[in-house]
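Below is one structure, written out as structure tokens, with a few remarks after it.
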Protein chains: 2
Amino acid sequence: MSATRLRRQTRPTPSLRDFALAFDEIKGIVNAGPVKSLAFKRLAVLEQRFNLHVLLNGWRELSSQKSVPHRDFYNVRKVDTHVHHGVHHSACMNQKHLLRFIKSKLRKHGNEIVTNRDGHLLTLADVFKSLKLTAYDLSIDTLDMHAHDTFHRFDRFNLKYNPAGQSRLREIFLKTDNHVRGRYLAELTKEVINDLEASKYQLAEWRVSVYGRKRSEWAKLADWFYDNRLSSPNVRWMIQVPRLYAVYRASGLVETFDEVLANIFAPLFENTLDPSSNPKLHAFLEAIVGFDSVDDESKPDGMPLDPNRLVAPGDWNSTDEPAYGYWMYHLYANLRSLNGLRRARGLSTFEFRPHCGEAGDVDHLVAAFLLTTKINHGVQLRRSPALQYLYYLAQLGVAMSPLSNNRLFLDFAKSPFPKYFKRGLNISLSTDDPLMLHFTKDPLVEEYSVAAQVWKLSSTDICEIARTSVLQSGVEDRFKRHFLGDHYDAPGAAGNDIRMTNVPDIRVMYRHETLTNELAYVAKLSSRAVPPPPK
Amino acid sequence: MSATRLRRQTRPTPSLRDFALAFDEIKGIVNAGPVKSLAFKRLAVLEQRFNLHVLLNGWRELSSQKSVPHRDFYNVRKVDTHVHHGVHHSACMNQKHLLRFIKSKLRKHGNEIVTNRDGHLLTLADVFKSLKLTAYDLSIDTLDMHAHDTFHRFDRFNLKYNPAGQSRLREIFLKTDNHVRGRYLAELTKEVINDLEASKYQLAEWRVSVYGRKRSEWAKLADWFYDNRLSSPNVRWMIQVPRLYAVYRASGLVETFDEVLANIFAPLFENTLDPSSNPKLHAFLEAIVGFDSVDDESKPDGMPLDPNRLVAPGDWNSTDEPAYGYWMYHLYANLRSLNGLRRARGLSTFEFRPHCGEAGDVDHLVAAFLLTTKINHGVQLRRSPALQYLYYLAQLGVAMSPLSNNRLFLDFAKSPFPKYFKRGLNISLSTDDPLMLHFTKDPLVEEYSVAAQVWKLSSTDICEIARTSVLQSGVEDRFKRHFLGDHYDAPGAAGNDIRMTNVPDIRVMYRHETLTNELAYVAKLSSRAVPPPPK
């Protein structure tokens, strides 16, 4: 561990007031006219410089790819950096797969008891009878899980997640905490894991939800994970926290925001202090690489953070949802403490990689800039040149899902992906939600295909994006060495091994030199010393 | 057979002069200012009417799809109406498949003699040695068959078809007429056939080339087809004739254009008169559903047809390539005679479905309008509202390949597909060339996926396109009944069976009524009686 990193880790966690002050400061900076003009121009320069690079060196890049034995786009590692597993909304299997699974269960195991309705135990056959459906009847259309009519309707997108519009089927097939103790979802999960392992070169980071409604959520999830033996070298797990305090408060599940935080984090501190108190949870935590935070960002935000009138989580007992930034800060602060404790005990730590900038207020991206090093979506960066430029300079990782945006918030043709890519933002491609979005049996390659076709990405481009996806992912250091080469964490071309990544050195050099020059340019402007480029 | 159809069939074939006169007449009409204005406006009306239909009835369409048991987009029949098989340019397997096949041959059968170079017999291992390549070295990049750098460069697109830039590999793996007598290509073909048959719901119409260089081409192709047992219920074969007279003339293979025509058609007339003269060719002809005509349409056309100075094919001995229209007329006229003879003898007949309007002169579409009922591509119709309107009124079938256009002549974002679709042109989706274009193992679904995602096609839309693809295809009547329902050839909703097609009647009714009204509108304008809508 470098001295700088150690120093950073041992610095005390900034207070909510520190955060609120910094938030206001950055917000002021990125909205200042001269900053916006400068950022806009520098981004245009970066874009044109890339165009020039490709015009002059594109053939060199292709010819070095050709000279690498064996390696091509299909056998470079790619990580699906943002995909929901099946709890809360969305799911990792495609709809055809889910349909086949439901049909086969109904045919072969129709007499299994799957639910308890008002004290009556119902078999799967009973449930379908009550829905007036047979196995033969079921089709993708009756499942009705593909996203249509969902543009700017995140609420509908979430409803789609009920197969055949029936929350009963969702309960049975897509929940961990049901009468069959999540066995069906586990079996489905294992089938998708088998597909991933068979593909060899594809990995995925699956989100499962912890809501913070009850203290017992972690133990149940850990039981499900452990008892069903769901660990796989091709899968890393992420926890997604839906921002639903107001819902639990309204239904009387909690009294204050602090209770939600305690429900989420207390079991983790306890398990970190004494792993033997729940060995299954301990094992599950070792498979988790980070925390995500999810909800409809297009909903109007709550009260903005006023540094002089801050409410502590224990005092937040209003029926309003706290603002995005308030949620982010508290997840960040708790994770930071937790990570400190876990690091001290030699345990794994968690990244904080929230959904951010999918829709709604551009300020969300200010919060994430201060609190995280990676986000999901980030399409709203197109609305703020200064923030986009900051994200470039800091090389903040952005897992993008253009097909998902296309269904929810932003037409594919308007996606900022190709601009971000040319400008050198640290972006990867991810599927978000194969159940609702993709058509083929290979959703991640389909996501790459649509992007490559529509935006005419070269073989070098898509291999660079694949490499970025591995770097961005929470995959462990030893795997990254295996996938990208031993020196993957060295800056510039020294960190690239074309035999593993199929990315020409010339491309990596171009990116590194451009970033170094840009940082030097900014440093010169502000008459300070040149900071080292982030890795 | 209806009286009208019979009368049409027994009418004498129009002469080249008749064609040239009609060609000039139609050209004059579609370029007249008032006609262009009218067509432009009517197409806009058709488009807005469709938008209105979907806004008002979209939910009805979706709900009727949901109420159909079992059927969904995945299990409706779809025909890949335009895909090249592997001879001449392009190929029907994807590049990963070809790569795996070449690697496995080299590993397991490296000592098979595959070619004769200057009297020396070389094994596959020898060939790879001379190319300085091993099985391990080979990658998608070294194969270098994906289309990049090909925009407006049809010539390069064709060159790509040599694996690893090596015509020797093409010779060995992608030719029917080589030292292994096309066995490798046949084995590859059978693998793709197996995939299609396993998919059950997908069919393909594969193009193989007859060049017209020699009289023996047909017999060799028929031997290859028959000896390798390549017939399949999921595949129909088409003959593509490359327009390369000038090349053969320059190299002394032929003296006149008529010799090319004779090389193409004489063996067919002979076999039709006496099938026992070559039973394999007879069997092959029964598997062929139509003729295509291919070449780079963006090349400048030869001399236009002057009705007063027409040259007969036997007198065409110049080194110039005849114009597109001249080629089309002669293919049409010969096919018409051949079909007459075959029909009289109870044999199968051939459709004429040329490449047309992929690029180049809009006049090509005038020629096809006069001579054919189906074409491939047709993107140039966007340049001529009057021709586009005529194609709509006549419901001339257009097999479109937006991903192919995107690589060669027209950006995906500019594709006229969504406009044609809304306006009600008779269009299907096809892959053209999975070897160079597609990324996943399921190229046809990938083609649908990109279109559906980018253009936000509904489930009704894609099922309608799938139904159109079956109607457009050369698949036999009894199969169409099986795939689409017994009355598929009845007009309007009577011809639709949602249980088979998953297309709501309301959509089919909308299309039929709109067309009927439009034909009535045109008839009223020209004060003539209402013609019956074409089926």
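Read the figures in this text as sums done on the coordinates, not as results from a lab. Keep in mind it's a predicted model, so treat the numbers as computed, not measured. Don't worry about glycine lacking a Cβ; one is built from the backbone with ideal geometry, like all the others, and counts go over all protein chains shown.
Quick notes on this structure:
- Cα shape, segment A:11-52, gyration tensor, a/c 1.5 rule: oblate
- FRET efficiency, 1/(1 + (r/R0)^6) with R0 56 Å, evaluated for A:Arg183 and A:Leu525 via beta carbons: 0.40
- Residue exposure sequence - B:Ile264, B:Ile26 - by fewest surrounding Cβ within 10 Å: B:Ile26, B:Ile264
- Cα centroid separation, segment A:312-378 to segment B:460-479: 52 Å.
- Sequence-separation-based contact order of chain A, relative, with Cα cut under 8 Å and 6+ spacing, percent: 20
- Multiplying the residue separation of B:Arg383 and B:Arg343 by 0.36 nm and removing their Cα-Cα distance gives an extension gain of 10.6 nm.
- Shape class of segment A:342-417 from the Cα gyration tensor (axes a ≥ b ≥ c, square roots of the eigenvalues): prolate, since a/c reaches 1.5 or more and a/b is larger than b/c.
- Put in order of Cβ neighbour count within 10 Å, fewest first, the listed residues B:Met93, B:Met400 become B:Met93, B:Met400.
- Based on DSSP H segments of at least four residues, each scored -39500 (n - 2.57), the protein assembly as shown has a per-residue ellipticity at 222 nm of -15500 deg cm²/dmol.
- Helix B:257-273 vs. chain B, principal-axis angle (Cα, 0 to 90°, nearest 10): 80
- Angle in degrees between helix A:385-394 and the longest Cα principal axis of chain A, rounded to the nearest 10: 90
- Per-residue Karplus couplings for segment A:54-68, computed as 6.51 cos²θ - 1.76 cosθ + 1.60 with θ equal to phi - 60°, are listed in order as 5, 4, 8, 10, x, 5, 5, 4, 4, 6, 6, 5, 5, 7, 7 Hz, Gly and Pro entered as x.
- DSSP bridge orientation in the protein assembly as shown - percent antiparallel, rounded to nearest 5: 10
- Across the identical copies, the 7 Å label point of B:Glu476, projected outward along Cα→Cβ, sits 6.1 nm from its counterparts, in ascending order.
- For the peptide B:132-144, the mean number of other protein chain Cβ atoms found within 10 angstrom of a residue's Cβ is 5.
- Distances from B:Ile113 to itself in the other copies, using label points 7 Å out along the Cα-Cβ axis, amount to 7.5 nm in increasing order.
- Calculated FRET efficiency, A:Arg11 to A:Phe479, Cβ-Cβ distance, R0 = 45 Å: about 0.95 to the nearest 0.05.
- B:Asp301-A:Val45 FRET efficiency (beta carbon distance; Förster radius 60 Å; 0.05 resolution): 0.85
- Qualifying trypsin sites (Lys or Arg not before Pro) in segment B:355-401, where qualification requires a DSSP coil assignment and no more than 14 other C-beta atoms within 10 Å, are lacking entirely.
- Length-normalised contact order for segment B:210-352 - Cα pairs under 8 Å, 6+ apart - percent: 31
- Cα long-axis angle, helix B:443-455 against chain B (0 to 90 degrees, to the nearest 10): 40
- Burial ordering of A:Glu446, A:Glu351, fewest other beta-carbon atoms within 10 Å first: A:Glu351, A:Glu446
- Distances from A:Val247 to itself in the other copies, using label points 7 Å out along the Cα-Cβ axis, amount to 6.3 nm in increasing order.
- Separation of the A:Leu52 and B:Asp315 label points, Cα + 7 Å toward Cβ, nm: 6.1
- Take the Cα of A:Lys220, step 7 Å toward its Cβ, do the same at A:Ala287, and the gap between the two points is 1.8 nm.
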